[in-house]
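Engineer: One structure, as structure tokens, below. Some questions next.
The values are calculated or read from the model by the stated rules, or taken from the named source; none is laboratory data. Source: prediction; values computed, not measured. Glycine also receives a Cβ, built like all others from the backbone with ideal geometry; neighbour counts cover every protein chain displayed.
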Amino acid sequence: MIRKSLLFAVAASALTMPALAHNAWFLPSTTVLSDTQQSVTVDAGTSTAPFEANHNAMNIDNVKIWAPDGSMGTPENTARSRYRSTFDVRIDKPGTWRIGMENTGISGSFKVDGEPWTVGRRRGPPPVAATSAQSAPAAAVLASGTPPMGAPGAGGPGARPRIDPSHVVASIDDIPANATEIDLTETLSRNEFFVTAGAPSDALFQPRGKGLEFVPVTLPTDLVSNEAAQFRFLVDGQPAAGLEVEVIPGGRRYRESDGTQKLVTDSDGVLTVNWPMPGMYWLNASITDAKPSNPKASKRRMGYTATLEVLAP
Amino acid sequence: MKKTIAIAVSMAATPAMAGSVTVTIPRIKVAEYHVPYVAVWIEPKAGGPARTLAVWYDVAKRGNEPGTKWLADLRTWWRKGGRSLNLPADGVSGATRAPGAHRIAIPANVKPGSYTLFVEAAREDGGRELVSMPLDIPTRAAAKASGKTELGAITLSAR
């Protein structure tokens, strides 16, 4: 499941999103505040094990801060270091905040005169392109245990074949008329965490009825290790029954096992999570269907990631 | 506003109370000792909202890091209801207490029934502890519980 989602991330995101090849994570300094005079300071990175800053910094240019009253906040003191980016958020309004990133895009492949082309431009160097046409061998490589995306710009021996940089178009509008075998996937993803100042509020959890959504039954800043938590997942406003969700605790390198829980939502789209210990957790779900909003795409890939803090009772 | 304060005070001071809780803050020998934040609350056994009987914190500290900043460190109390309390709260909140035994009256308007009493303490540069015990209102017999680290004896009394 990890490998699978990694593969999705590689195939779908490498072209359209800021460096999200590894698992992308936000790590807030705290999630529960007793007043509105404080800030939360946040690390943001991408790595295999969540919260371990050992691979790449996350591009935080598009971080969004949804304040409880519906207004948008602004990140402060942003910085990008080698393995993580950092920013502060002034939590100056009472209630529950959502802070994170939303990514949408269309990527995929097509052929012109038998030559493979891809859609979508990867922001930032170096260009590492993967096409869904080539993802089958890539899947074999990943499944056989080769570390996925072991290094930035994995283009060395054994890596997926690179596509000719001249065979990349920026958007679907640039696909030439004589293109064949057009295979486009719409991607929608969200990665976020929650902060509550004072009493929590659920104003920001009204479903929009579009894409994969997380609707808490247990408020995400109310998590305690001796109480099971429940979250509902929706796709286009309908319960996402049977959705696979991974829950991974932080602190991977202090354990033998990665501690991943692979869970599935029930018929109402509700996920029940038991927490083996207090700490920060990384929750991730992805689902692909054939209902893209853009008629040119054939598939829709939706992802949801959250960082959750679980306190000791 | 003045009027409500007066009413609250007179209610808290009324002699017809439903018993009392005595919380002991132990003396802890460490180089840097700070008196703990303490919250005392009750929850109906059958379920229902928590009612805070007392919360002791650094009421006087103002400025960039006011005393209220660390209230969330009483993390169970905070989640069970502390966060929706307007502080300072008359008859409920007060300054931190020194080591020793402190008596808290259970207000007379607590409805008869079965409750759980919780006492939580969190100390700067120290630990945190939560102690709970059953509590019947009206309180008939004396009962006792004890913390191990941050809290000492906790006793219930009919008066």
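Engineer: Please return the ranges of strands (runs of 3 or more DSSP E) entirely within segment A:198-313 where 1 or more residues are more than 19 Å from the chain's Cα centre (by Cα). Talk me through it step by step, then tell me what you get.
Structural biologist: Numbers: elements: A:212-216, A:229-235, A:244-249, A:261-264, A:270-273, A:279-289, A:299-311.
In segment A:198-313, A:229-235, A:270-273, A:279-289, A:299-311 are the strands (runs of 3 or more DSSP E) which contain 1 or more residues that are more than 19 Å from the chain's Cα centre (by Cα).
Engineer: Out of segment B:47-84, which residues are more than 13 Å from chain A (Cβ to nearest Cβ) and at pLDDT below 95?
Structural biologist: Scanning segment B:47-84 gives B:Gly47, B:Gly48, B:Val59, B:Ala60.
Engineer: Condition test on A:Gly108, is it surrounded by fewer than 20 Cβ atoms within 10 Å (Cβ to Cβ) and either in a loop (DSSP other than H, G, I, E, B) or in contact (Cβ under 8 Å) with a residue 24 or more places away in the chain (or both)? First the steps, then the outcome.
Structural biologist: Details: surrounded by fewer than 20 Cβ atoms within 10 Å (Cβ to Cβ): no; either in a loop (DSSP other than H, G, I, E, B) or in contact (Cβ under 8 Å) with a residue 24 or more places away in the chain (or both): yes.
For A:Gly108, the condition - surrounded by fewer than 20 Cβ atoms within 10 Å (Cβ to Cβ) and either in a loop (DSSP other than H, G, I, E, B) or in contact (Cβ under 8 Å) with a residue 24 or more places away in the chain (or both) - is not met.
Engineer: Select from segment A:33-52 the residues that are in a loop (DSSP other than H, G, I, E, B) and within 16 Å of A:Phe193 (Cβ to Cβ) and write down the one among them that is farthest from the other protein chains (Cβ to nearest Cβ).
Structural biologist: Keep residues of segment A:33-52 that are in a loop (DSSP other than H, G, I, E, B), which gives A:34-37, A:48-52.
Next, only the ones that are within 16 Å of A:Phe193 (Cβ to Cβ) stay: A:50-51.
Working: A:Pro50: 23, A:Phe51: 21 Å.
Going through the qualifying residues, I end up with A:Pro50.
Engineer: Hey, can you tell me all the residues within segment A:297-313 that are away from chain B (no Cβ under 14 Å) and surrounded by 20 or more Cβ atoms within 10 Å (Cβ to Cβ)? Quick ask: steps written out before the conclusion?
Structural biologist: Taking segment A:297-313 as the starting set, the residues that turn out to be away from chain B (no Cβ under 14 Å) are A:297-308.
The answer is A:Ala297, A:Arg300, A:Arg301, A:Met302, A:Gly303, A:Tyr304, A:Thr305, A:Ala306, A:Thr307, A:Leu308.
Engineer: Still on this structure, please answer the following. Within segment A:261-295, which residues are among the acidic types (Asp, Glu) and either within 17 Å of A:Arg232 (Cα to Cα) or surrounded by 17 or more Cβ atoms within 10 Å (Cβ to Cβ) (or both)? Working first, answer last.
Structural biologist: Start the filter on segment A:261-295 by keeping residues that are among the acidic types (Asp, Glu), which leaves A:266, A:268, A:289.
Hits for segment A:261-295 are A:Asp266, A:Asp268.
Engineer: With respect to A:Glu309, is the statement that it is of a type in the set (Asp, Glu) and either in contact (Cβ under 8 Å) with a residue 24 or more places away in the chain or in contact with a helix residue (DSSP H, G or I) (Cβ under 6 Å, 6 or more places away or on another chain) (or both) true?
Structural biologist: On the way: of a type in the set (Asp, Glu): yes; either in contact (Cβ under 8 Å) with a residue 24 or more places away in the chain or in contact with a helix residue (DSSP H, G or I) (Cβ under 6 Å, 6 or more places away or on another chain) (or both): yes.
Against the criterion (of a type in the set (Asp, Glu) and either in contact (Cβ under 8 Å) with a residue 24 or more places away in the chain or in contact with a helix residue (DSSP H, G or I) (Cβ under 6 Å, 6 or more places away or on another chain) (or both)), A:Glu309 qualifies.
Engineer: When only residues in segment B:91-100 that are part of a strand (DSSP E or B) and within 13 Å of B:Val40 (Cβ to Cβ) count, which is nearest to the other protein chains (Cβ to nearest Cβ)? If you could, list the steps in order and put the result at the bottom.
Structural biologist: First, pick out the residues of segment B:91-100 that are part of a strand (DSSP E or B): B:93-95, B:100.
Going one step further and asking which of them are within 13 Å of B:Val40 (Cβ to Cβ), we end up with B:93-94.
On the way: B:Ser93: 13, B:Gly94: 17 Å.
Step by step, filter segment B:91-100, then rank; the result is B:Ser93.
Engineer: Hey, can you tell me all the residues within segment B:101-120 that are under 21 Å from B:Arg27 (Cβ atoms) and either within 14 Å of chain A (Cβ to nearest Cβ) or part of a helix (DSSP H, G or I) (or both)?
Structural biologist: If we filter segment B:101-120 for residues that are under 21 Å from B:Arg27 (Cβ atoms), which is where we start, we get B:101-104, B:119-120.
Residue satisfying the conditions is B:Glu120 alone.
Engineer: Another one. Just wondering, is there one or more residues in segment B:78-90 that are touching a residue at least 12 places away in the same chain (Cβ under 8 Å), in a strand (DSSP E or B) and of a type in the set (A, V, I, L, M)?
Structural biologist: No: segment B:78-90 contains no residue that is touching a residue at least 12 places away in the same chain (Cβ under 8 Å), in a strand (DSSP E or B) and of a type in the set (A, V, I, L, M).
Engineer: Among the residues of segment A:88-125, write down those that are more than 14 Å from A:Asn62 (Cα to Cα), among the polar types (S, T, N, Q) and modelled with pLDDT under 95.
Structural biologist: A:Ser107, A:Ser109, A:Thr118
Engineer: Among residues belonging to segment A:53-95 that are among the hydrophobic types (A, V, I, L, M, F, W, C) and assigned to a strand (DSSP E or B), point out the one that is farthest from A:Pro249 (Cα to Cα). Quick ask: steps written out before the conclusion?
Structural biologist: Filtering segment A:53-95 for residues among the hydrophobic types (A, V, I, L, M, F, W, C) gives A:53, A:57-58, A:60, A:63, A:65-67, A:72, A:79, A:87, A:89, A:91.
Of the ones still in play, those that are also assigned to a strand (DSSP E or B) are A:57, A:65-66, A:72, A:79, A:87, A:89, A:91.
Numbers: A:Ala57: 20, A:Ile65: 24, A:Trp66: 25, A:Met72: 29, A:Ala79: 26, A:Phe87: 23, A:Val89: 24, A:Ile91: 25 Å.
Selected residue: A:Met72.
Engineer: Does B:Arg123 fit the bill of being under 25 Å from A:Ile91 (Cα atoms), at pLDDT 95 or above and more than 14 Å from chain A (Cβ to nearest Cβ)? If you could, list the steps in order and put the result at the bottom.
Structural biologist: Values: under 25 Å from A:Ile91 (Cα atoms): yes; at pLDDT 95 or above: yes; more than 14 Å from chain A (Cβ to nearest Cβ): yes.
Against the criterion (under 25 Å from A:Ile91 (Cα atoms), at pLDDT 95 or above and more than 14 Å from chain A (Cβ to nearest Cβ)), B:Arg123 qualifies.
Engineer: Restricting attention to segment B:41-77, which residues are in a strand (DSSP E or B) and either among the β-branched types (Val, Ile, Thr) or surrounded by fewer than 21 Cβ atoms within 10 Å (Cβ to Cβ) (or both)?
Structural biologist: Our first condition is that a residue be in a strand (DSSP E or B); within segment B:41-77, this holds for B:41-44, B:51-57.
Across segment B:41-77, the qualifying residues are B:Ile42, B:Glu43, B:Pro44, B:Arg51, B:Thr52, B:Ala54, B:Val55.
Engineer: For B:Ala142, only one of the following conditions fails: (1) crowded, with 17+ Cβ neighbours inside 10 Å; (2) away from chain A (no Cβ under 14 Å). What is its number?
Structural biologist: Failing condition for B:Ala142: (1).
Engineer: Only one residue in B:Leu151, B:Leu156 is more than 14 Å from chain A (Cβ to nearest Cβ), part of a loop (DSSP other than H, G, I, E, B) and surrounded by 19 or more Cβ atoms within 10 Å (Cβ to Cβ). Which one? Don't jump to the end; show me each part of the working.
Structural biologist: On the way: B:Leu156 fails: part of a loop (DSSP other than H, G, I, E, B).
The unique qualifying residue is B:Leu151.
Engineer: Something else about it: Any idea how many residues of segment A:39-72 are surrounded by fewer than 17 Cβ atoms within 10 Å (Cβ to Cβ) and charged (D, E, K, R)?
Structural biologist: The qualifying residues number 3.
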